[in-house]
Amino acid sequence: MNIIYQEEKRIFHLYNDEISHLMIVLPNGHLGQLYFGKRISEGKDYSYLLEMMPRAMSSYIFDDEKRFSLAHVKQEYGVYGTTDFRSPAIEILQKNGSRISDFRFRDFAIAKGKPKLPGLPATYTESPEEGMTLTVFLEDAEADIRLELLYTIFETGALARSARIMNDGEEPVHLLTAMSLCMDLPDSDYEWVQLSGAWARERHVKVRKLEQGIQAVDSMRGHSSHEHNPFIALKRPAADEFQGEAIGFSLVYSGNFLAQAQVDTHDTTRVLMGIHPSWFDWKLETGESFQTPEAVMVYSAEGLNGMSRIFHKLYRERLARGYWRDRARPILINNWEATYFDFTKERLLEIAKKAAEFGVELFVLDDGWFGQRSNERAGLGDWVANPERLADGIEGLAEEIEGLGMKFGLWFEPEMVNKDSDLYREHPDWIIETPGRHSSHGRFQYVLDFSRKEVVDRIYHMMEKILGGAKVSYVKWDMNRSITECYSRALPADRQGEVFHRYILGVYDLYERLTARFPEVLFESCASGGGRFDPGILYYAPQGWASDDSDAAERLKIQYGTSFCYPVSSIGSHVSVTPNHQVYRNTPLHTRANVAYFGTFGYELDLNKISDKEQEQVKEQIRFMKKYREVLQFGDFYRLRSPFDGNVAAWMAVNAERTLAVVGWYRILCGANMPYGRIKLQGLEEEYRYEISGREGYYFGNELMNLGLITTDYASGEGADRDLCTGDFDSRVFVLTAKDAGR
Ligand code: DGJ
């Protein structure tokens with residue numbers, strides 16, 4: 001890994017064993033992009049990559065030639081209206097009304113490791129050897145504004161980027177666009193991959209061909225959203241899960257975002273990713289600076305699985321932090337779908353006792369324990385236990401749960417308030433709403449103005465009191481509505497464009513303070529399921545409730561899509577009751593568990609209410625998960641067959657030594673007289689001999705990877721073994737153990 005600057009040609013080359021990123025200082029002093037992709041050799045003059053030619057209707061920079069146009073060259077941080085007409089990376093409104101910027105190269109610095117981004121989540125290095133950071137200093141002398149572009153190259157195929165803008169001038173300016181990443185690729189022969197959906201069907205994989213024009217995903221909801229994840233990938237049309245070029249782009253941010261690709265007339269593709277410029281207007285006073293969130297680019301020559309594995313490792317080990325980062329996650333039981341708001345302490349203890357008996361490790365008390373919260377209309381904001389429900393408070397309940405041999409966890413929705421709450425009655429002006437305008441609600445709740453420090457402080461103190469006063473080992477941090485009528489009473493008119501971003505900074509501040517104060521508490525994020533499942537939150541909460549939909553068939557798609565960017569250890573997954581509460585589908589208990597194993601794993605039902613046979617199954621599932629969760633959550637994850645492509649889905653996890661693997665195979669509908677089936681496995685050691693659970697003999701790694709694992713379905717109809725036919729939504733999990741590893 002290294003960063004080289006070729007003084008004479010003014011070329012930067014960031015590289016490691018996997019990738020190269022090449023940039024050049026353009027003839028007008030701006031920073032140009034030459035190449036991002038598989039590693040190429042250093043030391044050569046790559047300036048020939050700067051292609052320019054006269055073209056009709058182009059505009060040119062220099063008076064005496066018709067070649068150098070910013071419309072034709074690939075750039076690192078493009079500005080609209082300066083012969084470049086594409087969407088810009090930066091737009092600054094200056095005192096005279098101009099939005100033109102002219103950032104010219106001044107200097108650079110190369111350092112080992114990676115600096116922190118103040119107040120923002122970001123990837124990090126633990127030793128200076130793990131990464132190198134290049135900072136390129138540019139300046140707009142006319143406006144007296146400096147721009148710093150930061151690039152950190154890691155040992156893998158990942159490059160982290162962000163930008164910092166400083167106002168050295170005598171007048172304030174307004175930052176209207178400040179993207180985290182601008183990347184001009186030399187062609188457009190890509191398919192665009194996005195993770196989109198809605199509440200209860202988050203992060204479905206959608207693929208389409210890039211075409212001339214703009215394609216984008218975004219959120220303007222104040223959170224990253226169920227609708228679109230702040231992730232996109234561009235893959236070559238012939239690339240698939242296992243081979244071919246794929247570039248992933250991921251934004252380490254939880255608020256409004258834009259991810260777009262713009263293909264121009266010359267088939268150049270500009271990728272932009274960052275805070276959504278719509279409704280963004282950040283006033284930069286003299287001497288102030290603005291740091292954008294971080295974006296991470298990943299290059300893989302080994303298809304989408306290769307890209308995902310790079311993201312998984314980086315996000316699992318160098319984005320997530322803290323005590324739980326590298327630890328197998330406790331098997332939990334959550335009371336929400338078992339009771340909703342209708343519980344008493346006795347009822348909770350009944351659920352907890354059974355779970356403890358079966359080996360569950362953590363009991364989570366969900367919504368409804370505080371203030372006057374007996375339904376959706378009251379209580380949010382009053383973070384004190386309701387004595388009518390919990391006579392001995394959270395302290396007493398937590399003690400009793402610990403007495404059962406389990407840890408205790410608690411639900412909060414810190415950013416919200418109901419009008420029927422003491423907090424709202426005391427501070428009606430603390431909500432986000434536009435004075436004189438109608439205020440919309442979501443689930444009868446309003447969003448607290450987290451752009452205000454006093455609001456965040458108040459919530460912190462309430463939560464600190466609960467968490468510090470009782471044995472609470474886990475927090476589920478929920479967030480159940482989007483922001484409407486965005487406005488902060490604490491900010492002047494010309495700063496209202498800052499509210500969305502300041503809000504998220506407030507959320508990060510509260511997360512930072514609570515995780516610092518309670519370093520051993522496991523935080524799980526949630527936003528009506530997966531409405532804020534993004535890398536920003538992963539920095540504070542190493543796992544997130546991936547979706548409110550825990551139906552096994554739906555979850556296959558949700559978890560498959562989620563795995564494009566996020567590690568299995570971050571994917572909150574539960575076995576819930578049937579008929580499922582979201583889609584009313586019946587799926588077998590074994591399939592619900594077989595899907596949930598590839599996540600953090602837990603239960604969300606009353607184990608007293610299932611049959612004796614199912615209770616035995618649950619005990620076995622818990623034993624299984626305890627035995628294999630290390631490999632499931634921290635192994636290399638491979639998607640083998642997509643639930644978006646057909647009736648069968650499959651994936652697997654392999655440990656670092658390649659001595660242990662778990663394969664999940666899932667068949668949605670049972671058919672009559674089904675074909676024979678095989679699945680080629682991945683990531684095994686060629687010559688190892690693997691024993692497979694439930695099968696005789698052994699199989700070589702290369703046998704399983706090249707011939708495949710036989711998954712032929714149980715026959716149906718006449719001659720079928722009735723005991724083996726489970727009908728629709730069947731699944732199997734295979735454990736592969738290398739019997740001669742190390743020989
Ligand atoms: C939405 C979450 O996604 C659910 O799991 C549950 O916690 C409810 N909120 C509680 O109100």
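Tell me whether the stretch 386-401 contains one or more residues that are in contact (Cβ under 8 Å) with a residue 60 or more places away in the chain, farther than 30 Å from Arg495 by Cβ and within 16 Å of the ligand (Cβ to nearest atom).
Among the residues of the stretch 386-401, not one is in contact (Cβ under 8 Å) with a residue 60 or more places away in the chain, farther than 30 Å from Arg495 by Cβ and within 16 Å of the ligand (Cβ to nearest atom), which makes the answer no.
Tell me which residues, restricted to the stretch 669-684, are more than 18 Å from Tyr628 (Cβ to Cβ), at pLDDT 95 or above and crowded, with 16+ Cβ neighbours inside 10 Å.
Ile679
Give all pairs with beta carbons closer than 7 Å in which a residue from the stretch 405-417 that is more than 12 Å from Asp366 (Cβ to Cβ) and touching a residue at least 12 places away in the same chain (Cβ under 8 Å) meets a residue that is among the polar types (S, T, N, Q) and away from the ligand (no atom under 13 Å from the Cβ); count only pairs at least 6 apart in sequence or on separate chains.
Lys407/Ser473; Phe408/Ser473
Are any of the residues in the stretch 481-494 within 30 Å of Phe408 (Cβ to Cβ) and part of a loop (DSSP other than H, G, I, E, B)?
Checked against the condition, which is being within 30 Å of Phe408 (Cβ to Cβ) and part of a loop (DSSP other than H, G, I, E, B), the stretch 481-494 yields at least one hit.
Give the number of residues within the stretch 464-480 that are within 16 Å of the ligand (Cβ to nearest atom) and either assigned to a helix (DSSP H, G or I) or modelled with pLDDT under 95 (or both).
Matching residues across the stretch 464-480 total 0.
Taking only the stretch 518-537 into account, find how many residues are crowded, with 24+ Cβ neighbours inside 10 Å, assigned to a loop (DSSP other than H, G, I, E, B) and within 10 Å of the ligand (Cβ to nearest atom).
Count: 3.
Which pairs have Cβ atoms under 6 Å, sit 6 or more apart or on different chains, and link a residue in the stretch 490-512 that is closer than 27 Å to Glu464 by Cβ to one that is among the charged types (D, E, K, R) and open to solvent by 20 Å² or more (accessible area, probe 1.4 Å)?
Pairs found: Ala490/Arg452.
Hey, among the residues in the stretch 423-470 that are open to solvent by less than 40 Å² (accessible area, probe 1.4 Å) and of a type in the set (D, E, K, R), which one's farthest from Ile504 (Cα to Cα)?
The residue in question is Glu433.
Give me a count of the residues in the stretch 501-517 that are open to solvent by 10 Å² or more (accessible area, probe 1.4 Å) and either touching a strand residue (DSSP E or B) at 6+ places or on another chain (Cβ under 8 Å) or within 16 Å of the ligand (Cβ to nearest atom) (or both).
Total satisfying the criteria: 1.
Out of everything in the stretch 334-348 that is open to solvent by 20 Å² or more (accessible area, probe 1.4 Å) and outside any loop (DSSP other than H, G, I, E, B), what residue ends up being nearest to Asn375 (Cα to Cα)?
Among those that are open to solvent by 20 Å² or more (accessible area, probe 1.4 Å) and outside any loop (DSSP other than H, G, I, E, B), it is Trp336.
Return yes when Ser162 is assigned to a strand (DSSP E or B), in contact (Cβ under 8 Å) with a residue 40 or more places away in the chain, surrounded by 22 or more Cβ atoms within 10 Å (Cβ to Cβ) and small (Gly, Ala, Ser) and no when it is not.
Yes.
Can you confirm whether the stretch 593-604 contains a residue that is without any contact (Cβ under 8 Å) to a residue 40 or more places away in the chain and either in a loop (DSSP other than H, G, I, E, B) or open to solvent by 40 Å² or more (accessible area, probe 1.4 Å) (or both)?
No, that holds for no residue.
Within 16 Å of the ligand (Cβ to nearest atom) and either closer than 27 Å to Gly544 by Cβ or hydroxyl-bearing (Ser, Thr, Tyr) (or both), is that true of Arg458?
It is false that Arg458 is within 16 Å of the ligand (Cβ to nearest atom) and either closer than 27 Å to Gly544 by Cβ or hydroxyl-bearing (Ser, Thr, Tyr) (or both).
I need every pair where a residue in the stretch 687-699 that is at negative phi and free of Cβ contacts under 8 Å to residues at least 40 places away in the same chain has its Cβ under 9 Å from the Cβ of a residue that is hydrophobic (A, V, I, L, M, F, W, C) and in a loop (DSSP other than H, G, I, E, B), sequence separation at least 6 or different chains.
Note: pairs meeting the criteria are Tyr699/Leu707.
Here's a check for you: in the stretch 685-714, which residue that is part of a loop (DSSP other than H, G, I, E, B) and closer than 24 Å to Ser308 by Cα is least open to solvent (accessible area, probe 1.4 Å)?
The selected residue is Gly708.
Run Asp551 past the list (1) acidic (Asp, Glu); (2) open to solvent by 30 Å² or more (accessible area, probe 1.4 Å); (3) within 16 Å of the ligand (Cβ to nearest atom) and report the number of the one that doesn't hold.
(2)
Looking at (1) open to solvent by less than 60 Å² (accessible area, probe 1.4 Å); (2) more than 20 Å from Val296 (Cβ to Cβ); (3) at pLDDT 95 or above, which is the one condition that is false for Glu76?
Glu76 satisfies all of (1) open to solvent by less than 60 Å² (accessible area, probe 1.4 Å); (2) more than 20 Å from Val296 (Cβ to Cβ); (3) at pLDDT 95 or above except (2).
Count, please, the residues in the stretch 558-592 that happen to be aliphatic (A, V, I, L, M), assigned to a loop (DSSP other than H, G, I, E, B) and within 14 Å of the chain's Cα centre (by Cα).
Number of matching residues: 0.
Do we have Asp478 as among the acidic types (Asp, Glu) and open to solvent by 30 Å² or more (accessible area, probe 1.4 Å) here?
no
Hey, which of the strands (runs of 3 or more DSSP E) in the stretch 217-298, taking only ones fully inside, have at least 2 residues that are in contact with a helix residue (DSSP H, G or I) (Cβ under 9 Å, 6 or more places away or on another chain) and buried (at least 21 other Cβ atoms within 10 Å of the Cβ)?
Those strands (runs of 3 or more DSSP E) span 228-235, 246-252.
Of all the residues that make up the stretch 368-381, how many are in contact (Cβ under 8 Å) with a residue 60 or more places away in the chain and surrounded by fewer than 21 Cβ atoms within 10 Å (Cβ to Cβ)?
2
Being of a type outside the set (D, E, K, R), in contact with an Asp or Glu (Cβ under 8 Å, 6 or more places away or on another chain) and either within 16 Å of the ligand (Cβ to nearest atom) or more than 30 Å from Phe363 (Cα to Cα) (or both) is the filter here; which residues of the stretch 311-338 pass it?
Within the stretch 311-338, Leu332, Ile333, Asn334, Asn335, Trp336, Ala338 meet the criteria.
Kindly establish whether Ala650 is at pLDDT 95 or above and buried (at least 23 other Cβ atoms within 10 Å of the Cβ).
So Ala650 fits the description; yes.
Filter the stretch 404-422 down to the residues that are open to solvent by less than 10 Å² (accessible area, probe 1.4 Å) and either within 27 Å of the chain's Cα centre (by Cα) or within 16 Å of the ligand (Cβ to nearest atom) (or both) and list them by number.
Within the stretch 404-422, Phe408, Gly409, Leu410, Trp411, Phe412, Glu413, Pro414, Glu415, Met416, Val417, Asn418, Ser421 qualify.
The values are calculated or read from the model by the stated rules, or taken from the named source; none is laboratory data. Keep in mind the model is a prediction, meaning the values are calculated, not measured. Don't worry about glycine lacking a Cβ; one is built from the backbone with ideal geometry, like all the others, and counts go over all protein chains shown. Only protein heavy atoms, including side chains, enter the accessible area calculation; ligands, DNA and RNA are left aside. Shrake-Rupley method; radii C 1.70, N 1.55, O 1.52, S 1.80 Å.
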